[in-house]
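Below is one structure, written out as structure tokens; comments come after it.
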Amino acid sequence: ELRQAHGGGGTDHTLLQALRRYADEVSPTKRGERRELVTLRAFERGALPIAKRMGKVSAEDLKLWRDQRLKTVSRGTVIRELTLLGSVFEFAKNEWHWITGNPVRDVKKPTRPAHRKRLITGLETRKVLHVLGHKAKPVRSVSQAVGVAFLLALSTGMRAGEICDLLWADVHDDYGTARNVKSIHVGVDRDIPMTAVAIRLIERLRGWDSL
């Protein structure tokens, strides 16, 4: 009764309400907001007991859901979904005080799949650039811009999102500032060293992309 008086019993809030509140309040603060919202909406259509009160959702409920998901998606996908679901329960416990425990903590995650290693060969690089119509000249088409982005990624190790969000104001003599990094929260920057080759690649975009 004392727990319920403090909102800790989850008596008045369902898992569905938690998923939607998390989507409204927490996901917008993250870098991967769009992908996370897609997953949260998919939770509503799946086998999760979304109509149950938060305090009544058990580890057994979640294990059953996990095992069903493993029949249709990869282990990596289930691991990511369990991580997100665990975050929803953590917020319900620590921030909203709807529950006193997190049942996801008692659910074993699948074994992580082997790490993928893939190196692009010189021949593959040349074939990609040929298809994109890449030339060592100023960029004049979208496909040529993609070619520059491709070479810039190989040269600097920058991620696709970082390259696409790069502004002229972020490009300096020997480094660039990535404003849209792969981080849990939005607004975390990092400086990326750039060689003379990388700077020359970026310069090819002048006159085509004014930003």
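The values are calculated or read from the model by the stated rules, or taken from the named source; none is laboratory data. This one's a predicted model, so the numbers in the text were calculated from it and none came from an experiment. Cβ placement follows ideal geometry from the backbone for every residue including glycine, while neighbour counts extend to all protein chains displayed. The area values use the complete protein model at the heavy-atom level, side chains included, leaving out ligands, DNA and RNA. Shrake-Rupley method; radii C 1.70, N 1.55, O 1.52, S 1.80 Å.
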Review point. Can you tell me the Rg and Dmax of the chain, counting just the alpha carbons, in angstroms?
Key: 23.0, 73
Check your understanding: DSSP H helices in the chain with Cα extent of 18 Å or more along the helix axis and mean Kyte-Doolittle hydropathy at least 0.5?
Key -> 142-156
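Could you rank the peptides 85-95, 199-209, 113-123 by their average count of other C-beta atoms within 10 Å per residue, with the highest value first? Show your work: numbers first, answer last.
Details: 85-95: 18.4, 199-209: 16.0, 113-123: 6.9.
The peptides rank, most packed first, as 85-95, 199-209, 113-123.
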Exercise for review: Round to a whole angstrom and tell me the spacing of the C-alpha centers of the stretch 23-39 and the stretch 64-91.
Suggested key: 16
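Ignoring ligands, DNA and RNA, what accessible area per residue does the stretch 42-148 give at 1.4 Å, in Å²?
Values: 6960 Å² over 107 residues.
Per residue, the stretch 42-148 has 65 Å² of solvent-accessible surface.
Based on the Cβ-Cβ distance of T195 and I120, what FRET efficiency does E = 1/(1 + (r/R0)^6) give at R0 = 22 Å, to the nearest 0.05? Please list the in-between numbers first.
Values: r = 18 Å, r/R0 = 0.81.
For R0 = 22 Å, the calculated efficiency reads 0.80.
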Practice item. Please build a GNM for the chain, connecting alpha carbons under 10 Å apart, and tell me which residue among E25, E36, E162 fluctuates the most. Key: E25
Review point. Any idea what the dipole of the chain comes to, in debye rounded to 20, about its Cα centre with Lys/Arg Cβ at +1 and Asp/Glu Cβ at -1?
Key: 1020
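Carbon-plus-sulfur fraction of the accessible area of the stretch 47-167, 1.4 Å probe, in percent? Provide the component values of the computation, followed by the final result.
Numbers: 4200 of 7530 Å².
Of all accessible area on the stretch 47-167, carbon and sulfur atoms account for 56 percent.
Hey, what did the chain get for relative contact order, percent, Cα under 8 Å, at least 6 apart? All intermediate terms of the calculation are to be shown ahead of the outcome.
Working: 237 pairs, mean separation 40.0, N = 211.
This gives 19 percent for the chain.
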Review point. How far apart, in nm, are the 7 Å Cα→Cβ label points at T177 and E95?
Key: 2.8
